[in-house]
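The values are calculated or read from the model by the stated rules, or taken from the named source; none is laboratory data. Note that the coordinates shown come from a computational prediction; the quantities given were computed from them, not determined experimentally. With ideal geometry, Cβ positions are generated from the backbone for all residues, glycine too; neighbour counts draw on all protein chains shown. For the accessible areas, the whole protein counts, side chains as well, though only heavy atoms, and no ligand, DNA or RNA atoms are used. Shrake-Rupley method; radii C 1.70, N 1.55, O 1.52, S 1.80 Å.
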Amino acid sequence: MGMTGIEKILSYHTNEKVEPGKIVWIELDVRTARDFGGANVVKNFKENYPNGKIKDPSKTFFTFDCNVPANTIPYANNQMICRNFALTQGMRVYDVDAGIGSHILFEEKIIKPGDTVVGTDSHLNLLGAFSTFGQGMGDVDIAFAFKTGRTWFEVPKSMKIELKGKLRYLSTAKDLILTILGKLGSDGALDYSIDFVGEAIEDLKIDERITISSMVTEMAGIIGLFPVNGEMEEYFKDKIFPVVNPDRDAKYEKEFSFDLSEIVPSIALPGSPSKVVPVREVEGEKINSVFIGSCTNGRYSDIHKVAEILKGKKVAKDVMLKIVPATRKVWGELLKSGDLEILYNSGAIVSHPGCGGCASGQIGMTGKGEVQVSTSNRNFKGKQGDGDTYLASPVIAAYSALKGKISLPD
């Protein structure tokens, strides 16, 4: 019998036969910790391994992205703890100017298909877009991974989601994953690894895969893996990596199918990413602010779409449009392309790279009574402030910013 994507990756990193439910010890290709949780990793490392050395500094990194530059004393202190530890251990820090850590890993090609990666980021599983097993873990576990270069996993069950057809005008990868979330629910992929397969895969660009994989966490899934295709082979042409695409005869406990041609612009209502409805059902709802960014929709292609919509126009009066590029590279692309000038002229606020609205109010939190449209991945009460947050695509966010209400184009 064939193997699923996650079974292939885990079997490649252990000499044991893997099957759902089995505990396996695996070698880790990359270990990370971000500014959120990083200081606790250092604390646990020092307590459990006094005077210890990390396993391999060339495979171990700190990535600062939650609070960059630090706007609170605790975050500033925690970042210095990580910097000082990195200095003594000879490991690299991607500091406050770099951007979102998971994006740095694939931009810098620190990871490749088939790799295993752990960190203190609950959305590290977005690396599934690259056929890479990324997983967020607790501080003690990451400290152990720093010291040994290994960790254990329970081999998860696998689910297959077949994608067929093509997205229609206005519908995006964000609408697709919101639709999937709405059908499966907030725990519909609990403890599952998802293999995204089907004829539509070839048409989905890397940035679109990232958007989809990044929200598997919101379904309680372990990871959402995309197979390596021609674009991926070209992206990693300077790397050697194993074939980890799922076999045709792989066994799945659950299977779903989605026709992309049936996907319509969708939006998640305040309170839960799984409360999804078509945008037309809430069209006209007055808003106060818009956030465009995050690990889900902070790539250049996402923000470029916004610039195209805003070109020659002004953001609605009394609406605050906040834009945060995912990385310094994305920020540079906006600058070189002229999109930054378009965004500036429209009245948008463009911040330095990082997690932005998702973390500690780096681009400003919502106040009580404020209604926001956000392209991020979570809208639980308090996550992005005291207000109410809708989740939508950059396209819907941009049109809503222009009209001052949740909107589709005329």
* Overall form of the chain per C-alpha gyration tensor (a/c, 1.5; a/b vs b/c) -> oblate
* To do: Select from L126, L260, L87 the residue whose mean-square fluctuation is largest in a Gaussian network model of the chain (Cα-Cα springs shorter than 10 Å).
  => L87
* Please turn the phi angles of the stretch 150-162 into ³J(HN,Hα) values with the Karplus equation 6.51 cos²θ - 1.76 cosθ + 1.60 (θ = phi - 60°), one per residue in order, whole Hz, x for glycine and proline. => 9, 7, 10, 9, 8, 4, x, 5, 10, 10, 10, 10, 8
* Where is the GNM fluctuation largest for the chain (alpha-carbon springs, 10 angstrom cutoff): G347, G338, G101? -> G338
* To do: Heavy atoms only, probe 1.4 Å: what % of the accessible area of the stretch 132-242 goes to carbon and sulfur, would you let me know?
  => 49 percent
* Work out how much length S337 to I206 would gain on full extension: take 0.36 nm times their residue separation and subtract the Cα-Cα distance, in nm to one decimal. => 45.2 nm
* Take each of the peptides 170-176, 327-333, 73-79, average the number of other beta-carbon atoms within 10 Å over its residues, and list them starting from the highest. => 170-176, 327-333, 73-79
* Derived scalar couplings ³J(HN,Hα) [the stretch 218-226; Karplus, 6.51 cos²θ - 1.76 cosθ + 1.60; whole Hz; x for Gly, Pro] -> 6, 9, 6, x, 6, 6, x, 9, 9
* To do: Using only the Cα atoms of the stretch 330-410, build the gyration tensor, take square roots of its eigenvalues as a ≥ b ≥ c, and label the shape rounded, prolate or oblate: rounded if a/c is under 1.5, else prolate if a/b is larger than b/c, else oblate.
  => oblate
* Asked: Given labels modelled 7 Å from the Cα in the Cβ direction, how far is it in nm from K46 to K237?
  -> 4.7 nm
* Asked: Per the Cauchy relation, a quarter of the hull surface: what is the mean projected area of the convex hull of the alpha carbons in the stretch 229-343, in nm²?
  -> 11.7 nm²
* Convex hull volume per residue in cubic angstrom - Cα atoms of the stretch 136-195 -> 138 Å³
* Asked: Amide H to amide H under 5 Å from M159: which residues, 5+ apart in sequence or cross-chain, H placed 1.01 Å off N in plane?
  -> S193, I194, D195
* **Separation of the K286 and S257 label points, Cα + 7 Å toward Cβ, nm** => 4.7 nm
* Of K183/K381; K166/K368; K43/K205; K147/K383, which ones are farther than 31 Å apart at the Cα? -> K166/K368; K43/K205; K147/K383
* To do: Could you check how much of the accessible area of the stretch 280-410 is carbon and sulfur, as a whole percent, using a 1.4 Å probe?
  => 51 percent
* For the stretch 3-137, what is the accessible area per residue in Å² when the probe is 1.4 Å? -> 38 Å²
* Normalised by the number of residues in the chain, what is the relative contact order in percent for Cα pairs under 8 Å and 6+ residues apart? -> 18 percent
